[in-house]
There are 2 protein chains.
Amino acid sequence: MIGRLVIVGTGLIGGSFALALKAAGQVGRVAALERSPQALARALERGIADEACATPEQALRGADLVLLAAPVGQTGALLASLLPHLEPHTVVTDAGSTKCDVVAAARAALGERIGQFVPGHPIAGSEANGPDAAWAGLYGGKKAVLTPLPENDPAAVERVAGAWRACGALVHTLSAGDHDRVFAAVSHLPHLLAYALVDDIAARPHAGMLFQYAASGFRDFTRIAGSSPEMWRDISLANRDALLAELDAYLAQLNSLRAMLAAADGRALETVFASAQRARQAWLDAIEAGSPPLPPHRDTE
Amino acid sequence: MIGRLVIVGTGLIGGSFALALKAAGQVGRVAALERSPQALARALERGIADEACATPEQALRGADLVLLAAPVGQTGALLASLLPHLEPHTVVTDAGSTKCDVVAAARAALGERIGQFVPGHPIAGSEANGPDAAWAGLYGGKKAVLTPLPENDPAAVERVAGAWRACGALVHTLSAGDHDRVFAAVSHLPHLLAYALVDDIAARPHAGMLFQYAASGFRDFTRIAGSSPEMWRDISLANRDALLAELDAYLAQLNSLRAMLAAADGRALETVFASAQRARQAWLDAIEAGSPPLPPHRDTE
């Protein structure tokens, strides 16, 4: 049970966290720090927050848990603004898509109070955003990854983990480095590849003709290229080293496929395609057997 | 109205063509040439075909239209087996995903009878296959691309076009070369990229950990890597030149993004991401409006 929760940012991520904890009866009062007056008004109207705070001082008085759910580039500045008002029992967490950079920013901002910051990343989201997109079920069955620091008290980590479990999430723990390498491979690289393909095609003189014949396979392949350019610019830069390593591995793989194709080596191509098909099917089977409910997927069109 | 239709292959593509023409009342009798006795039995049970033919001679007697819906690599051999029994009024078409190679095989097989062959490619399909997957609505609202030859009589082209329209498809005409270049960009290359990513990840020592954190974005991005490895091996080889050109353009694009990332050039990355996002949105808007998309103008701010 969280007595007083502060959400910094009342959009999809912060708003859904507050709504889920309220729905579970696991939060007393929700205070909001939000720069946008429109978003703040909607968050109060929708019952996401009970209290709008003008200053960090006002927000942090008696706070048990603070969730940073603002753009990840603001983490350092936000933490620096919270620091003077941070009570000893307050725990701060975040929801950023990258963790090494967040940890570095937090260390720089909080200094010897770093133990009060427990880094986190809920693996949930959507292309919609803002308080109107928030809903209590966003995290149900999804993973919430925590990357605790050596300085964290186990009770502080458990306060954050318990809140995510109350939201319906499955809590996983990774090091910040492992987190960033994993998501560089399965999320950040695919975004880069999808953006690259659409831009590549859009830049052609006959782009209109190409798009005219693009079908459902292309639509699914490029869905993630519909995501926010600003957000993915920041993620790419924040996780640059891991993303460069993944990109280089992928470029090597593509160059190897190119050589097979140039040599008309059908057997080698089929081996790669079949290995990929099997691995993907095993992954889907594991998800199905495993647990987390996935939305029904449109397979045919 | 097609008096006698022969489908060579009674799977998803050939079976759905027959069912759609029957549903539209646009075919008299459907004869099937099918190597698999199981598939043939199901095609008769499901009413896809009215008649199972043991030989091309039996099938082609009085045929008005023949659809080749067998693996594209068999086109040449199939046409050679049909040639001795091809009546002067019969028109043959196909449903292969590549066209230059099909045209070359058809020319080699049919010689001076090439005018009776009208190459085609319906842009529809699914991961399911076989006669049980066939249904009358598969082609509704989808494109059917014809790539007529100089030797084709306009009436022969119109017989094929009319049959696709009766199936509910929108008939488009392209040259075989344009067809292959277009689909190399919007279909064949994305398949190669998706297979490459899944195989790249599956080959890692910590593949299990990576797949554990792959989420819905990854699932959509890699859906096409669930397709038949044999079929995509054949398509890759059949359309090798165009696919190599597309792959090289994409590799250049990726290398350019790599340089932006290495230089931490956030502005350049965001420009590419934003251009891709806009182009994709314009494409989706055009689909929704039901009109062919205008060539997206690339913003180079």
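The values are calculated or read from the model by the stated rules, or taken from the named source; none is laboratory data. The shown structure was predicted, so the numbers you read here are calculated from the model rather than taken from an experiment. Virtual Cβ from ideal backbone geometry, glycine too; neighbours counted across all protein chains shown.
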- Count - residues of the stretch B:163-195 that are of a type in the set (A, V, I, L, M) and more than 7 Å from chain A (Cβ to nearest Cβ): 9
- Just give me the residues in the stretch A:79-107 being assigned to a helix (DSSP H, G or I) and touching a Ser or Thr at 6+ places or on another chain (Cβ under 6 Å), in sequence order. A:102, A:105
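Checking the condition free of Cβ contacts under 8 Å to residues at least 40 places away in the same chain, within 14 Å of the chain's Cα centre (by Cα) and crowded, with 19+ Cβ neighbours inside 10 Å, which residue from B:94, B:101 passes?
Values: B:101 fails: free of Cβ contacts under 8 Å to residues at least 40 places away in the same chain.
Being free of Cβ contacts under 8 Å to residues at least 40 places away in the same chain, within 14 Å of the chain's Cα centre (by Cα) and crowded, with 19+ Cβ neighbours inside 10 Å holds for just one of B:94, B:101, which is B:94.
Please determine, by comparing only the residues of the stretch B:124-134 that are among the aliphatic types (A, V, I, L, M) and buried (at least 20 other Cβ atoms within 10 Å of the Cβ), which one is nearest to the other protein chains (Cβ to nearest Cβ).
This residue is B:124.
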- Counting only residues in the stretch B:149-169 that are surrounded by 15 or more Cβ atoms within 10 Å (Cβ to Cβ) and aliphatic (A, V, I, L, M), the one farthest from residue B:15 (Cα to Cα) is identified as B:149
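Could you please let me know if residue B:194 is modelled with pLDDT of 95 or more and within 25 Å of residue A:282 (Cα to Cα)? Give the steps one after another, and end with the answer.
Working: modelled with pLDDT of 95 or more: yes; within 25 Å of residue A:282 (Cα to Cα): yes.
The answer is yes for residue B:194.
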- How many residues does the stretch A:164-186 contain that are closer than 14 Å to residue A:138 by Cβ and hydrophobic (A, V, I, L, M, F, W, C)? 5
- Among (1) in contact with a Phe, Trp or Tyr (Cβ under 8 Å, 6 or more places away or on another chain); (2) over 20 Å from residue A:252 (Cα atoms); (3) of a type outside the set (Gly, Ala, Ser); (4) not assigned by TED's automatic domain parsing to the domain that holds residue B:96 - the single one residue B:197 does not satisfy: (2)
- Task: Name the residue, out of A:188, A:179, that is surrounded by 22 or more Cβ atoms within 10 Å (Cβ to Cβ), in contact with a His (Cβ under 9 Å, 6 or more places away or on another chain) and not aromatic (Phe, Trp, Tyr).
- Result: A:179
- Query: Given the structure, is residue A:119 of a type outside the set (S, T, N, Q), surrounded by 16 or more Cβ atoms within 10 Å (Cβ to Cβ) and in contact with a Lys or Arg (Cβ under 6 Å, 6 or more places away or on another chain)?
  - Reply: yes
- Message: Just to be sure I understand, how many residues within the stretch A:53-68 are over 25 Å from the mean Cα position of the chain (by Cα) and of a type in the set (Gly, Ala, Ser)?
- Response: 2
- Item | Single residue of the stretch B:72-87 satisfying the filter (modelled with pLDDT of 95 or more and small (Gly, Ala, Ser)) that is surrounded by the fewest Cβ atoms within 10 Å (Cβ to Cβ) | B:77
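Kindly establish whether residue B:141 is at positive phi, without any contact (Cβ under 8 Å) to a residue 60 or more places away in the chain and either within 12 Å of another protein chain (Cβ to nearest Cβ) or surrounded by fewer than 19 Cβ atoms within 10 Å (Cβ to Cβ) (or both). Break it down into steps so the answer makes sense when it comes.
Numbers: at positive phi: yes; without any contact (Cβ under 8 Å) to a residue 60 or more places away in the chain: yes; either within 12 Å of another protein chain (Cβ to nearest Cβ) or surrounded by fewer than 19 Cβ atoms within 10 Å (Cβ to Cβ) (or both): yes.
It is true that residue B:141 is at positive phi, without any contact (Cβ under 8 Å) to a residue 60 or more places away in the chain and either within 12 Å of another protein chain (Cβ to nearest Cβ) or surrounded by fewer than 19 Cβ atoms within 10 Å (Cβ to Cβ) (or both).
Being under 21 Å from residue B:198 (Cα atoms), facing another protein chain (nearest Cβ under 7 Å), modelled with pLDDT of 95 or more and surrounded by fewer than 22 Cβ atoms within 10 Å (Cβ to Cβ) is the requirement here; does residue A:266 meet it? Steps first, please.
Working: under 21 Å from residue B:198 (Cα atoms): yes; facing another protein chain (nearest Cβ under 7 Å): yes; modelled with pLDDT of 95 or more: yes; surrounded by fewer than 22 Cβ atoms within 10 Å (Cβ to Cβ): yes.
In short, yes.
Taking helices (runs of 4 or more DSSP H) that fall entirely within the stretch A:1-71, which contain at least 3 residues that are surrounded by 24 or more Cβ atoms within 10 Å (Cβ to Cβ)? Before you say what the answer is, go through the steps one by one.
Values: elements: A:12-23, A:37-45, A:56-60.
Ranges flagged: A:12-23.
Kindly indicate whether any position in the stretch A:260-273 is within 33 Å of the chain's Cα centre (by Cα) and within 30 Å of residue A:176 (Cα to Cα). I'd like the intermediate steps shown before the answer.
Step one: filter the stretch A:260-273 for residues within 33 Å of the chain's Cα centre (by Cα), giving A:272-273.
From what is left, the residues that are within 30 Å of residue A:176 (Cα to Cα) are none.
No, the stretch A:260-273 has no match at all.
How many residues are assigned to a loop (DSSP other than H, G, I, E, B) and within 7 Å of chain A (Cβ to nearest Cβ) if we restrict to the stretch B:218-233?
Step one: list which residues in the stretch B:218-233 are assigned to a loop (DSSP other than H, G, I, E, B), which gives B:222, B:227-228.
Right, trim to within 7 Å of chain A (Cβ to nearest Cβ) and you get B:222.
Within the stretch B:218-233, residues that are assigned to a loop (DSSP other than H, G, I, E, B) and within 7 Å of chain A (Cβ to nearest Cβ) number 1.
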- Please work out which residue is nearest to residue B:48 (Cα to Cα), limiting yourself to the stretch B:112-162 and to residues that are among the hydrophobic types (A, V, I, L, M, F, W, C), in contact with a helix residue (DSSP H, G or I) (Cβ under 9 Å, 6 or more places away or on another chain) and in a helix (DSSP H, G or I). B:133
- Query: Restricting attention to the stretch A:104-116, and to residues there that are among the charged types (D, E, K, R) and over 22 Å from the mean Cα position of the chain (by Cα), which single residue is surrounded by the most Cβ atoms within 10 Å (Cβ to Cβ)?
  - Reply: A:113
- Message: For the stretch B:196-217, give me each residue that is more than 7 Å from chain A (Cβ to nearest Cβ), among the aliphatic types (A, V, I, L, M) and not in a helix (DSSP H, G or I).
- Response: B:203
